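Heads up, the thing below is written out as structure tokens.
The values are calculated or read from the model by the stated rules, or taken from the named source; none is laboratory data. All figures in this text were calculated on a predicted structure; none of them were measured in a lab. Quick reminder, even Gly has a Cβ in these numbers, built from the backbone with ideal geometry, and neighbours come from all protein chains shown.
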Amino acid sequence: MRPQTLRAQLTLWYGALLFATLVAFGAILYGVLARNLYRSVDQKLMALAEVVAESSVRNFLRPGFRDFSRLLEEFYGMPAAGQFIQVLDPSGTVGSSTPNLEQRNLPLSPMALKRAVHGGQMVYETFGTLPKALRVLTYPVVVRGRVRNVVQVGTNLGAVAETLRQVLWILAVGIPSLLLLALAGGWLLAGRALRPVHSVVRALRALDATTLDARIPEAEGTLEVQELSTTFNALLSRLENAFRKVREFSADASHELRTPLTVLRGEAEVALRHPRSPEEYQDVLASSLEEIQRMGRIVEDLLLLAKGDLGEAPVEMLPVDLSALLAEIGTHAAMLADANGLHFTAAGGPPASVMADPLRLRQLFWNLLDNALKYTPPGGRVYLSHTLAEPGWVQVTVKDTGIGIPPEHRDQIFERFYRVDKHRSRAQGGSGLGLAIGQWIAQVHGGRIEVRSAPGRGSSFLVHLPTLDPDPSRS
Ligand code: ADP
């Protein structure tokens with residue numbers, strides 16, 4: 001089963017890796033040590049055999065030759081207990097041997113004797129099992145091309161076995177102890193490294209919709225944890241902003257609908273206070289209808305924006321002749337401008353087609369023209385024109401010489417219900433949703449709206465839309 005916590009996973013991985021490394025290291029160490037120890041035993045045996053062969057040639061094969069003890073002592077530098085020598089004749093009969101062999105002989109396999117006597121080869125053999133095993137070298141003494149004697153030297157492997165046993169014991173106890181120590185250290189270190197993550201989690205857990213202004217301390221922990229905190233804080237800022245907008249929007253929307261409702265109620269109450277003439281009732285009803293229509297417009301606009309947010313607003317894209325559509329809107333605007341004492345100019349422009357929903361596009365330009373007419377005092381001018389400024393784009397400009405927009409409001413006028421002058425806008429039938437809808441329509445069509453304005457001198461709204469032909473210069 002996989003451990004659940006990162007701390008346990010890190011510790012386990014670390015432990016497994018360390019265990020594998022230690023075991024591999026121990027195995028290599030043990031292997032190399034064993035090989036070298038056995039090789040050194042064999043080398044010693046060969047050197048001894050050579051010395052004995054020399055002396056056995058000189059002293060010939062004499063039964064009871066007892067000088068080997070001294071020889072062994074000289075060779076090993078100490079009284080030899082586990083080292084043995086014997087000299088045989090080519091038939092395998094033991095001539096002389098070290099006294100420590102007493103009445104016994106060193107073991108000799110027929111194969112070794114045969115290879116030594118007939119092949120002149122030396123043969124290493126191991127007899128018995130560790131720790132009492134005996135390593136024996138059978139070594140031919142060749143004099144003038146003839147095997148004269150066979151020397152056998154042997155040694156007990158007990159000391160080598162003991163050394164290896166001790167090394168094995170150290171490894172068997174050392175590796176698990178080291179591993180335990182490292183696991184404990186790893187567990188502590190992983191815990192320490194992850195502590196800042198836990199404090200981030202605790203800080204986040206304490207948050208809800210009412211405490212979105214709280215922030216996680218960013219200076220704590222490693223760079224990764226700091227990045228996590230910074231990212232969370234950025235997310236919190238965005239959430240806080242979004243929540244604030246939703247709250248403001250709800251407050252604005254209810255306020256916007258409450259005003260016409262108050263007017264309606266007031267008018268109805270006044271009308272019902274005394275009996276009235278039919279004309280008076282008619283007046284009240286006409287005024288009520290106006291308020292109802294105003295509320296209807298607001299609700300419809302809100303619904304459109306809500307659907308736009310969800311991507312569910314119906315938008316039917318068709319190839320649209322933009323020049324014709326603007327000319328048609330211009331005709332209506334000219335009449336309205338005339339009625340308001342304004343000069344209207346539709347400058348026209350080159351033929352341009354766009355892929356668009358004609359109803360929505362009309363709504364967009366009409367909202368801009370409606371604003372231009374609303375926010376320009378009598379005697380002012382309103383212009384409507386379009387150009388193919390960039391390849392693949394058409395730019396429609398709605399320009400007026402009206403009151404203009406102060407720079408500090410310019411970024412916010414596209415927000416829902418935002419108005420520079422609430423009373424003025426409401427008196428002129430505005431609800432503060434026209435530009436928000438206009439921007440949504442421009443975006444749905446792959447375009448954008450830009451605003452340029454100087455207070456007291458007028459404003460220009462520039463709508464950029466992609467044309468049907470991406471590069472009209474090629475058509
Ligand atoms: P409204 O219904 O209030 O006109 P809009 O969303 O259309 O709502 O516009 C938002 C605000 O932007 C307006 O209240 C007004 O203050 C400002 N505004 C828009 N167009 C113009 C313009 N042509 N000249 C001056 N101010 C404008």
**Fill in**
The condition of being of a type in the set (A, V, I, L, M) and more than 26 Å from Ala339 (Cβ to Cβ) holds, among Val396, Val444, only for Val444
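When you scan segment 467-475, do you find a residue that is free of Cβ contacts under 8 Å to residues at least 60 places away in the same chain, within 12 Å of the ligand (Cβ to nearest atom) and either out of contact with any strand residue (DSSP E or B) (no Cβ under 8 Å at 6 or more places or on another chain) or at negative phi (or both), even just one? Show your work before the answer.
Narrowing segment 467-475 to residues free of Cβ contacts under 8 Å to residues at least 60 places away in the same chain: 474-475.
In the following step, the residues that additionally are within 12 Å of the ligand (Cβ to nearest atom) were identified as none.
Within segment 467-475, none of the residues are free of Cβ contacts under 8 Å to residues at least 60 places away in the same chain, within 12 Å of the ligand (Cβ to nearest atom) and either out of contact with any strand residue (DSSP E or B) (no Cβ under 8 Å at 6 or more places or on another chain) or at negative phi (or both).
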**Fill in**
The lone condition Leu369 fails out of (1) out of contact with any Ser or Thr (no Cβ under 9 Å at 6 or more places or on another chain); (2) under 27 Å from Met317 (Cβ atoms); (3) away from the ligand (no atom under 12 Å from the Cβ); (4) not small (Gly, Ala, Ser) is (3)
**Complete:** Reported set for segment 456-465 where residues are within 9 Å of the ligand (Cβ to nearest atom) and at pLDDT below 95 is none
**Message:** When you scan segment 136-144, do you find a residue that is exposed (fewer than 14 other Cβ atoms within 10 Å of the Cβ), modelled with pLDDT under 90, under 30 Å from Phe19 (Cβ atoms) and not acidic (Asp, Glu), even just one?
**Reply:** no
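Which fully enclosed strands (runs of 3 or more DSSP E) of segment 339-448 have 2 or more residues being in contact (Cβ under 8 Å) with a residue 24 or more places away in the chain, polar (S, T, N, Q) and surrounded by 17 or more Cβ atoms within 10 Å (Cβ to Cβ)?
Details: elements: 343-348, 353-356, 381-387, 393-400.
Per the criteria, 393-400.
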**Request:** Answer with yes or no whether Leu212 is under 30 Å from Ala436 (Cα atoms), crowded, with 16+ Cβ neighbours inside 10 Å and not assigned by TED's automatic domain parsing to the domain that holds Glu415.
**Result:** yes
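Does Ser425 qualify as being in contact with an Asp or Glu (Cβ under 7 Å, 6 or more places away or on another chain), within 8 Å of the ligand (Cβ to nearest atom) and at pLDDT below 95? Please lay out each step first, then the result.
Values: in contact with an Asp or Glu (Cβ under 7 Å, 6 or more places away or on another chain): no; within 8 Å of the ligand (Cβ to nearest atom): yes; at pLDDT below 95: yes.
It is false that Ser425 is in contact with an Asp or Glu (Cβ under 7 Å, 6 or more places away or on another chain), within 8 Å of the ligand (Cβ to nearest atom) and at pLDDT below 95.
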**Prompt:** Pick from Ala24, Ala47, Ala81: which is modelled with pLDDT of 90 or more, out of contact with any helix residue (DSSP H, G or I) (no Cβ under 6 Å at 6 or more places or on another chain), loosely packed, with under 12 Cβ neighbours inside 10 Å and assigned by TED's automatic domain parsing to the domain that holds Val151?
**Reply:** Ala24
**Asked** Can we say Thr397 is within 16 Å of the ligand (Cβ to nearest atom) and hydroxyl-bearing (Ser, Thr, Tyr)?
**Response** yes
**Message:** Residue under question is Gln412, and the condition is that it be more than 7 Å from the ligand (Cβ to nearest atom), modelled with pLDDT of 90 or more and more than 20 Å from Arg457 (Cα to Cα); does it hold?
**Reply:** no
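Would you confirm whether any residue within segment 146-159 is exposed (fewer than 13 other Cβ atoms within 10 Å of the Cβ), free of Cβ contacts under 8 Å to residues at least 12 places away in the same chain, within 27 Å of Gln43 (Cα to Cα) and not polar (S, T, N, Q)? Give the derivation first.
So in segment 146-159, the residues exposed (fewer than 13 other Cβ atoms within 10 Å of the Cβ) come out as 146.
Going one step further and asking which of them are free of Cβ contacts under 8 Å to residues at least 12 places away in the same chain, we end up with 146.
Within this subset, residues satisfying the condition of being within 27 Å of Gln43 (Cα to Cα) are 146.
In the following step, the residues that additionally are not polar (S, T, N, Q) were identified as 146.
Scanning segment 146-159 turns up at least one residue that is exposed (fewer than 13 other Cβ atoms within 10 Å of the Cβ), free of Cβ contacts under 8 Å to residues at least 12 places away in the same chain, within 27 Å of Gln43 (Cα to Cα) and not polar (S, T, N, Q).
Pick from Gln363, Gln395, Gln443, Gln428: which is within 40 Å of the chain's Cα centre (by Cα) and outside the structural domain of Arg247 (by TED's automatic domain parsing)?
Gln443
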**Asked** Among the residues of segment 428-451, which ones are more than 9 Å from the ligand (Cβ to nearest atom) and out of contact with any strand residue (DSSP E or B) (no Cβ under 8 Å at 6 or more places or on another chain)?
**Response** Trp440, Ile441, Gln443, Val444
